[in-house]
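Encoded as C-alpha cells, the structure appears first; notes follow it.
Just so it is clear, none of the values below were taken in a lab; they were calculated from the coordinates. Just so it is clear, the structure is predicted and the values come from calculations on it, not from any experiment. With ideal geometry, Cβ positions are generated from the backbone for all residues, glycine too; neighbour counts draw on all protein chains shown.
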Amino acid sequence: MFTALTILLIIGLLIALAIGLVVRFFAVATDPMLEQVNALMPGSNCGACGFAGCAGYAAALAGGEAQPGACPSMSSASLQALCELLGVGEVKRERRVAVVFCSGDDHNATRQAFYNGVNNCR
C-alpha cells in the first residue's frame, strides 16, 4: 500500500514539475499599458468605435493607433482617466441621444388590434 502511495506521490510531483516548466517556457508577455487601458473599457463590445470590440480598441489605443473618445458608451470619468493614462489632453465629445422616428400613429396605420402599451414615442 505504501509503495502505491509513493508511486502516486512521485507521479504527482513529476506532473507538477512538468506543468511548472511549461508555464515558465510558454509564458506570454503582456503589455502592462494594454491591461490598464483594457480595464478602463466599458466592455460592451459594440463595435461603434470602428474596432471589433473593446479589446481591439484598447490595443489600438495602447499602440498609439487610435485616439480616445471614439467609444460612445464610455463614461466621462473613464474617458478622463484614459486620457490621463495615455498622456493626451482631455477629449471633449458631443453628447449623443438616440432618436426614434415613429410614424405608426392612427393617421398612417390602420388599427388592427388593441394595443396596451406606451401611448407615444416620446
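Things worth noting here:
- Of all the criteria given as (1) farther than 16 Å from residue 85 by Cβ; (2) among the β-branched types (Val, Ile, Thr); (3) not in a loop (DSSP other than H, G, I, E, B), the one not satisfied by residue 28 is (3).
- Residue within segment 104-118 that is within 26 Å of residue 41 (Cβ to Cβ) and not aromatic (Phe, Trp, Tyr) present: no
- Close pairs from segment 39-52: first touching a residue at least 12 places away in the same chain (Cβ under 8 Å) and at positive phi, partner in a loop (DSSP other than H, G, I, E, B) and surrounded by 15 or more Cβ atoms within 10 Å (Cβ to Cβ), Cβ under 7 Å, at least 6 apart: 50/70
- For segment 38-54, the candidate set comprises residues that are crowded, with 18+ Cβ neighbours inside 10 Å and under 15 Å from residue 76 (Cα atoms); within that set, the residue that is nearest to the chain's Cα centre (by Cα) is 41.
- Residue 102 fulfils the conditions (1) assigned to a loop (DSSP other than H, G, I, E, B); (2) within 17 Å of the chain's Cα centre (by Cα) except for a single criterion, (2).
- Scan of segment 55-75 for residues that are buried (at least 16 other Cβ atoms within 10 Å of the Cβ), more than 13 Å from the chain's Cα centre (by Cα) and in a loop (DSSP other than H, G, I, E, B), ordered by number: 66, 68, 69, 70
- Out of 25, 101, sole residue that is under 30 Å from residue 118 (Cβ atoms) and surrounded by fewer than 10 Cβ atoms within 10 Å (Cβ to Cβ): 101
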